[in-house]
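Supplied in structure tokens, the structure appears directly below.
The values are calculated or read from the model by the stated rules, or taken from the named source; none is laboratory data. Predicted model, so just to flag it, every value in this text is computed and none were measured. Cβ placement follows ideal geometry from the backbone for every residue including glycine, while neighbour counts extend to all protein chains displayed.
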Amino acid sequence: MPKDVHKKSSGRRPPQMLSIDDPNEKGAVTIRFIGAAQTTTGSLHRIRLPAGDLLLECGMYQGHRAEAEEWNRNLPVDVERVKAVILSHGHIDHCGAVPNLVRRGFRGPIWCSDATADLLPVMLLDAAHIQESDTARMNRRRKHGPPRVPLFTTIDAERALTLVRGVPYGRPFEALPGAEGRFVDAGHIIGSAAVHLTLRADGKSTTLGFTGDLGRRDVPILRDPEPLGQVDWYLTESTYGDRDHENTGDLLDILQDVVTTAVARRGKVIVPAFAVGRTQLVLYLLHVLRTSGRIPEIPFYVDSPMATRATEVFRRNPELYDDEARAFFSEKGALFHRAQTSFTADVEESKALNHLDGSAVIISSSGMCEGGRVLHHLKNHGTDPRNIVLFVGYQAQHTLGRRILEGVQRVKVYGEKISIAAQVRKVNGLSAHADRNGLLDYARRLDGEPQKTFMVHGEPEKTAALRSWFFEHGLKRTAAPRPGDWHRLL
Ligand SMILES: [Zn+2]
């Protein structure tokens, strides 16, 4: 730990134990690392300025239930001092605590990119719905004690949405007096941004850059991350700080092989996929294959209400596609259009897919088969050896997706044991995060080395590995803050 990072916490004290009022000299500008410090969830960094507190991210802590509950309920921020929030993108671990902040009285602006503003209703209303239905289910089972209340409700989420201020990439905005922001494309999901801040106090100024979640170069649809320019202080994510992503191979070749194999035996392809990003990527690749005649004209279905809404956001923002996707779009017509793909509207239409005759591709969430409509498709189509289950994303340990991927044949779906007879395939390397070389490359594209690079959003060993990687490549002024650590910026 570099000695100039002031420690307020000792060891790995649970984040909810953080005090909310640390000392701040008059006129000083400080940053405090609250969430996503030595972990990858609950992103939350607080910048304290003379005019008030600015939250850089306001993410929900996702993880072990009791721990997550504790953190999310007791978000360690002084809500009265918080004057504005900046969000890098629409993933729930970066924005999901906003409705809770609003529930506790926050009424300031929530700044994000235009496309993130477009995506937030999908994400926050879905999160509120999960809160409400989970709480209702727990209360039905609860025999004693007062009923539980959700972390936030649809009303809180809707109120939060009224505070959202979308800004185009590149256009400066005053987040609060003394803090001017600017977003650049981070290439991670649609609307994702890296953030450039100019902070001013007492006639002086300093600059800070934040990667948010950083994407990869050359992924379909999304543009490559844009450089941040000059920054004095730099916060970089470190999710894959110890890894080189494997070469993706030719995604189109793999997908073509999967679809033609299934079609040859009149089978279906079931694709469990995350609703935002992965679903649209698979759809795009399928369209490329179909329009170039590499796969037959079979129907594509998206069977996930959230994926349908997220796809609308992609459809509404074609100016954010990379050159290749834009060229495809102008030549072959609108991507993600309903004429080319069927989006199931309700449970009845979803159920009708159980009796679908002939070949088709069905993309459904959740991506790790832990819930959602994909379970119905596994139950109805996973037992047929003509079909293929195609995994396109990481499958965490202890998930149904992981078990199927590992070849377990008898699995439980909705309490019922079924035998997976379908062929199981996977496409590797579609991660939405940069690897250590991507992170290093992005840091090197800054104008000069920052005074200090703070590594956040990574498990301790990944963050440590990235520090070493940066050090080896000449970027030596790094720190790995722990929850509660703070640093004076100005
Ligand atoms: Zn993300």
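Taking Y169 and the conditions (1) crowded, with 17+ Cβ neighbours inside 10 Å; (2) more than 16 Å from the ligand (Cβ to nearest atom); (3) under 25 Å from I130 (Cα atoms), which numbered condition does it fall short on, given that it satisfies the others?
Tallying (1) crowded, with 17+ Cβ neighbours inside 10 Å; (2) more than 16 Å from the ligand (Cβ to nearest atom); (3) under 25 Å from I130 (Cα atoms), Y169 fails exactly one: (3).
I'm told F391 meets every condition in (1) within 23 Å of I221 (Cβ to Cβ); (2) surrounded by fewer than 21 Cβ atoms within 10 Å (Cβ to Cβ); (3) aromatic (F, W, Y) except one. Can you identify the failing condition by its number?
For F391, the exception is condition (2).
Follow-up. Name the helices (runs of 4 or more DSSP H) wholly within the stretch 44-123 that hold at least 1 residues that are at pLDDT below 95?
Qualifying helices (runs of 4 or more DSSP H): 65-73, 92-95.
Could you figure out which of (1) within 21 Å of G212 (Cβ to Cβ); (2) more than 16 Å from the ligand (Cβ to nearest atom); (3) surrounded by fewer than 23 Cβ atoms within 10 Å (Cβ to Cβ); (4) not aliphatic (A, V, I, L, M) isn't true of P99?
So the condition that P99 fails would be (3).
What do you reckon, is G429 in a loop (DSSP other than H, G, I, E, B), over 20 Å from the mean Cα position of the chain (by Cα) and at positive phi?
When the stated conditions are applied, G429 does not pass them.
I'd like the residue in the stretch 78-96 that is over 20 Å from T153 (Cβ atoms) and more than 16 Å from the ligand (Cβ to nearest atom) and, out of all such residues, is surrounded by the fewest Cβ atoms within 10 Å (Cβ to Cβ).
The qualifying residue surrounded by the fewest Cβ atoms within 10 Å (Cβ to Cβ) is E80.
Another one. Among the residues of the stretch 118-140, are any surrounded by fewer than 24 Cβ atoms within 10 Å (Cβ to Cβ), farther than 24 Å from V313 by Cα and touching a Phe, Trp or Tyr at 6+ places or on another chain (Cβ under 7 Å)?
No, the stretch 118-140 has no match at all.
Just give me the residues in the stretch 205-234 being more than 16 Å from the ligand (Cβ to nearest atom) and either modelled with pLDDT under 95 or of a type in the set (S, T, Y) (or both), in sequence order.
Across the stretch 205-234, the qualifying residues are S205, T206, T207, R217, D218, P220, Y234.
Let me ask you something else. Please specify each residue of the stretch 175-188 satisfying the condition of being surrounded by 24 or more Cβ atoms within 10 Å (Cβ to Cβ) and within 16 Å of the ligand (Cβ to nearest atom).
F183, A186, G187, H188
Do you know which residues across the stretch 346-363 are touching a residue at least 24 places away in the same chain (Cβ under 8 Å) and either in contact with a Phe, Trp or Tyr (Cβ under 8 Å, 6 or more places away or on another chain) or among the aliphatic types (A, V, I, L, M) (or both)?
Matches in the stretch 346-363: L353, L356, A360, V361, I362, I363.
Oh, and also: Can you find a residue in the stretch 424-431 that is within 16 Å of the ligand (Cβ to nearest atom), of a type in the set (G, A, S) and within 27 Å of D250 (Cβ to Cβ)?
yes
If only one of G438, G393 is small (G, A, S), under 23 Å from G267 (Cβ atoms), touching a Lys or Arg at 6+ places or on another chain (Cβ under 7 Å) and within 16 Å of the ligand (Cβ to nearest atom), which one is it? Even if it seems obvious, please write down each step before you answer.
On the way: G438 fails: under 23 Å from G267 (Cβ atoms).
Result of the check over G438, G393: G393.
Right, next: Report, by residue number, each residue of the stretch 195-252 that is among the polar types (S, T, N, Q) and not in a strand (DSSP E or B).
Selection gives T211, Q230, S238, T239, N247, T248.
For the structure I just gave you, tell me whether K476 is over 30 Å from E348 (Cβ atoms), more than 16 Å from the ligand (Cβ to nearest atom), outside any helix (DSSP H, G or I) and among the basic types (K, R).
Yes, satisfied.
Any residue in the stretch 84-101 that's outside the structural domain of V164 (by TED's automatic domain parsing): show its pairings with residues that are assigned to a strand (DSSP E or B) and away from the ligand (no atom under 11 Å from the Cβ) at Cβ separation under 9 Å, as long as the two are six or more apart or on different chains.
Between residues of the stretch 84-101 that are outside the structural domain of V164 (by TED's automatic domain parsing) and residues that are assigned to a strand (DSSP E or B) and away from the ligand (no atom under 11 Å from the Cβ), there is no close pair.
Select, from H398, H377, the only residue that is out of contact with any strand residue (DSSP E or B) (no Cβ under 9 Å at 6 or more places or on another chain) and either away from the ligand (no atom under 16 Å from the Cβ) or not assigned by TED's automatic domain parsing to the domain that holds L228 (or both).
Working: H377 fails: out of contact with any strand residue (DSSP E or B) (no Cβ under 9 Å at 6 or more places or on another chain).
Just a single option satisfies the conditions, and that option is H398.
Moving on. Considering the stretch 141-163 alone, what residues qualify as being crowded, with 21+ Cβ neighbours inside 10 Å and assigned to a helix (DSSP H, G or I)?
D156, A157, A160
Now for a different question. Would you check which residues across the stretch 470-481 are surrounded by fewer than 21 Cβ atoms within 10 Å (Cβ to Cβ) and out of contact with any Pro (no Cβ under 8 Å at 6 or more places or on another chain) and list them?
Scanning the stretch 470-481 gives F471, E472, H473, G474, L475, K476.
Within the stretch 398-426, count every residue that is assigned to a loop (DSSP other than H, G, I, E, B), closer than 26 Å to L281 by Cβ and of a type in the set (G, A, S).
2
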